Amino acid sequence: MSLTAKMSSLEHVKQSLERAGQDHVLRFWPELSEEDRDVFLQELVKLDLKGLKDHCTRAAKAAASTPRILDVDMDPVPPEFMGSVRKSDRKSLTEWEDEGLLHISRNRVGALLLAGGQGTRLGVQYPKGMYKVGLPSGKTLYQIQAERLHKIRELADGKHGSKCTVPWYIMTSEFTLAPTEKFFEENNYFGLEPSDIIMFEQRMIPAVTFDGKVILQGKGKIAMAPDGNGGLYQALVDNNILEDMKKRGVEYLHVYCVDNILVKMADPVFIGFCVTKGADCGAKVVEKSHPAEPVGVVCRVQGVPQVVEYSEIRLEMAELRGPGRELVYSAGNICNHFFTRTFLQDVSEKFQGQLKQHVAIKKVPFVDTCGSEVKPSKPNGIKMEKFVFDAFPFSRNFVVFEVIREDEFSPLKNAEGASTDTPTSARNSLFALHGRWATSVGAMLLDHHGNNIPPTASSESAGDCPPAQCEISPLVSYFGEGLEQLLKGKKLVTPFILDKKMAEKLQAQQHS
């Protein structure tokens with residue numbers, strides 16, 4: 001950039017910041033080196049300076065307001081728009097699975113991973129997907145997910161004689177893109193084709209003080225944060241992802257969050273259910289563990305599908321029970337969704353500006369008026385976020401599919417020592433699921449003394465009786481299928497890993 005162009009850009013930025021009431025952003029400009037000025041100016045030019053005043057005002061106002069109570073207008077999703085692993089008959093579940101595998105075999109299904117957040121609560125300085133939860137195999141979340149994609153393609157190809165692809169779209173942020181790209185490259189893309197892994201970046205927006213001022217993280221750096229997983233819709237447009245999907249023939253997307261160790265990538269039962277119902281948008285849910293569990297509820301508000309946050313529901317409504325003593329509002333949101341490509345296009349191009357914004361109150365490092373760096377001990381800033389489920393109200397045919405928590409949902413959010421969602425609870429959930437798979441086909445799990453260990457349900461804490469360490473590679477089994485011929489009658493000394501090599505060894509024993 002020439003000197004004249006720089007001066008012109010700087011003057012434009014100054015005027016824009018003054019109009020927005022944010023001229024403090026350039027307070028330390030005279031103290032910056034020429035190089036730091038160039039970097040800072042480029043950052044400021046990329047900002048939505050026209051919308052900055054509105055962003056800051058809305059953030060301060062939203063943080064000061066009390067949550068709305070929406071339950072007076074709430075109704076549960078009608079039964080005709082719901083499916084359930086527990087309540088639907090076996091014939092329907094099989095038909096949905098077959099339908100899903102058919103679409104996968106025809107290259108119509110893609111997986112879309114929401115991975116823009118940092119692992120701050122987990123206590124790490126790298127993307128969550130790179131985290132090892134302490135499994136005997138040493139696998140990371142990314143590796144587990146990549147292997148599930150391998151397996152679901154294998155199942156579809158085996159059933160339909162195809163050679164299919166499930167493209168993996170990964171939405172990152174400024175914080176996570178470079179380390180994620182490097183991690184996949186170093187791990188040879190976990191055996192997937194690099195051209196089938198499409199990484200793209202969501203937008204970043206400024207963090208704001210409670211009185212509506214942009215926070216300076218450094219003398220020449222604004223404190224920025226990803227715009228929430230609902231930033232997906234803008235990111236699809238910014239990065240031409242919808243065009244890529246269309247070019248590949250992808251019609252259906254399974255969208256999910258990075259931190260669920262039990263997530264079923266491109267789950268054919270879920271895909272098949274949604275396609276059979278003619279849905280443009282669908283949500284997987286789990287039954288709430290108790291009325292006050294802090295998860296959003298998938299329901300209808302004035303007849304329109306949406307997720308109502310737990311803070312927007314009074315306890316007496318959350319505790320409401322039906323004739324069979326089941327919770328009326330039991331559909332807990334787990335950020336696991338189905339979208340048609342057409343629906344994503346509609347939301348991204350037509351409804352973007354109508355998406356609701358949510359307030360997140362955070363501890364945001366900043367520089368004070370003297371230029372000293374401060375790490376706050378209590379929340380001092382507002383980060384505005386959109387959520388991926390904010391698109392539900394724009395659906396023409398919205399469906400819900402209930403799955404079993406112990407089989408499909410165990411998020412990794414917090415460091416060890418927290419009461420829920422820790423590496424221990426995630427690891428134990430996987431062990432418990434795989435232990436149930438093994439014993440259900442007639443295997444016995446033994447400790448190193450040869451004593452039988454029954455598989456136990458995972459607990460949130462480490463507990464006195466954690467599950468037996470039984471780990472089954474996704475490359476061997478996706479749902480628990482195909483294990484009877486390998487494990488029936490076998491005594492498995494734990495910790496036990498059933499990987500491809502072990503599976504081939506067991507198969508060879510069967511035929512000898």
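A count restricted to segment 55-66 and to residues that are closer than 19 Å to E18 by Cβ and either assigned by TED's automatic domain parsing to the domain that holds M7 or β-branched (V, I, T) (or both) stands at 1.
For Q125, which of the numbered conditions (1) under 26 Å from R427 (Cβ atoms); (2) of a type outside the set (D, E); (3) crowded, with 19+ Cβ neighbours inside 10 Å fails to hold? All conditions are met except number (3). Counting the residues of segment 304-334 that are in contact with a Gly (Cβ under 8 Å, 6 or more places away or on another chain) and of a type in the set (V, I, T) gives 3. Looking at V214, V208, V285, can you tell me which residue is farther than 30 Å from H24 by Cβ and either within 14 Å of the chain's Cα centre (by Cα) or not small (G, A, S) (or both)? That would be V285, the only listed residue that is farther than 30 Å from H24 by Cβ and either within 14 Å of the chain's Cα centre (by Cα) or not small (G, A, S) (or both). A count restricted to segment 409-442 and to residues that are small (G, A, S), buried (at least 20 other Cβ atoms within 10 Å of the Cβ) and more than 18 Å from T140 (Cβ to Cβ) stands at 3.
If the condition is being over 19 Å from the mean Cα position of the chain (by Cα) and at pLDDT 95 or above, then segment 224-237 contributes only V237. For the residues Q302, Q345, the requirement of being farther than 17 Å from A283 by Cβ, within 22 Å of the chain's Cα centre (by Cα) and either assigned by TED's automatic domain parsing to the domain that holds N260 or without any contact (Cβ under 8 Å) to a residue 40 or more places away in the chain (or both) singles out Q345. Checked against (1) crowded, with 18+ Cβ neighbours inside 10 Å; (2) not in a loop (DSSP other than H, G, I, E, B), E185 passes all but condition (1).
Only one entry in K383, K356 is touching a strand residue (DSSP E or B) at 6+ places or on another chain (Cβ under 6 Å) and modelled with pLDDT under 95, namely K383.
In the set G123, G110, only one residue is out of contact with any Leu (no Cβ under 7 Å at 6 or more places or on another chain) and in contact (Cβ under 8 Å) with a residue 12 or more places away in the chain; that residue is G123. Go through segment 197-215 and count every residue that is within 23 Å of P179 (Cα to Cα) and of a type outside the set (A, V, I, L, M). Number satisfying all stated conditions: 5.
Can you pull out every residue in segment 86-117 that is of a type in the set (A, V, I, L, M) and over 18 Å from the mean Cα position of the chain (by Cα)? Selection gives L93, L101, L102, I104. Residues in segment 288-299 that are under 22 Å from the mean Cα position of the chain (by Cα) and of a type outside the set (A, V, I, L, M, F, W, C): K288, S289, E293, P294, G296.
The values are calculated or read from the model by the stated rules, or taken from the named source; none is laboratory data. All values reported here derive from a predicted model rather than from experimental measurement. Note that each Cβ is placed from the backbone with ideal geometry, even for glycine, and that neighbours are counted across all protein chains shown.
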